[in-house]
Amino acid sequence: MSDLVAHNLIAPYLSPMSLDDPLSLDRQLCFPLYAAARAMTQAYAPLLSKLGLTYPQYLVLLVLWETDGETVKGMGERLYLDSGTLTPLLKRMESQGLVRRERSAEDARSVRIHLTSGGRALRRKAASIPEAMACKLGLTLEEATRLRRDVMRLFEVLSRSHVDSSK
C-alpha cells in the first residue's frame, strides 16, 4: 500500500493537531483496528454469555460446525492460534461437554476435535448471533461486505509482508 493511499484512508479520521506528528495515536492505522477488534469482541460477549461461551470458544465451534473432526493443528491454522492458547481452550470446552479430543488412528501425533451432542445443539441456539450482530453494527449489507473485503485484503497484505520479512 503506497503512502498516499494509506494517507487518504487515514486522513479523514485525523485531528488537525495530529497531522504534524507521525507518532500521534490519532495518526496510527493500527489503533482504530485494535480498538474495533476489541469492541467487536465485547459486542459478541452478551450474546455468547447466554450460551455459556466465550468469543474464542465460539470461533472454535464455528470451525467445528463446518468441519467436525478438524485436527488441533488445522484448528490453530484456521484461527491463527498457537497450541499454547488452543490446547487449554479445547480442554475447557471438553470439560464443558462441548467437544471431545481424540488421537488420530492414522497418525498418533495428531489429535482431532469432535463435537459432542452438546456442541452440536449449540449451533441451533447460536443461529441468531450473526443477525443480532448485523443489527448492532448498523451497516448495510453492501457496507458490511465492503468492510469485510477491505479488512481481509489488509490481513492478506500484512500476512504476505510477514512471510516475506521472515525469509
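Taken together, the values in this text are just the output of simple stated rules run on the coordinates, not laboratory data. These numbers were taken from a predicted model, which means no experiment stands behind them. Glycine gets a Cβ as well: all are built from the backbone with ideal geometry, and neighbour counts include every protein chain shown.
Worth a mention:
- Shown is the FRET efficiency for L137 and A108, computed with R0 = 45 Å from the Cβ-Cβ distance and rounded to the nearest 0.05: 0.50.
- Ordering K136, K50 from the fewest to the most neighbouring beta carbons within 10 Å gives K50, K136.
- Maximal additional length on extending the Y55-M40 stretch stands at 4.4 nm, based on 0.36 nm per residue less the C-alpha distance.
- In this structure, L29 and T71 have a Cβ-Cβ separation that, at R0 = 41 Å, corresponds to a calculated FRET efficiency of about 0.75.
- Put simply, the chain fits an ellipsoid with semi-axes of 36, 21, 14 Å; these come from the alpha carbon gyration tensor as the roots of five times its eigenvalues, largest first.
- With the convex hull drawn around the C-alpha atoms of segment 128-167, the volume per residue stands at 69 Å³.
- Close Lys pairs in the chain, defined as Cα atoms under 23 Å apart and 8 or more places apart or on different chains, number 7.
- Kirkwood Rh in Å, taken over all unlike Cα pairs in segment 51-124: 12.1
- Rounded to the nearest 20 debye, the dipole size of the chain about its Cα centre is 820 debye, using +1 on the Cβ of Lys and Arg and -1 on the Cβ of Asp and Glu.
- GluC sites (Glu not before Pro) lying in DSSP loop within segment 42-151, provided at most 13 other Cβ fall within 10 Å: E106
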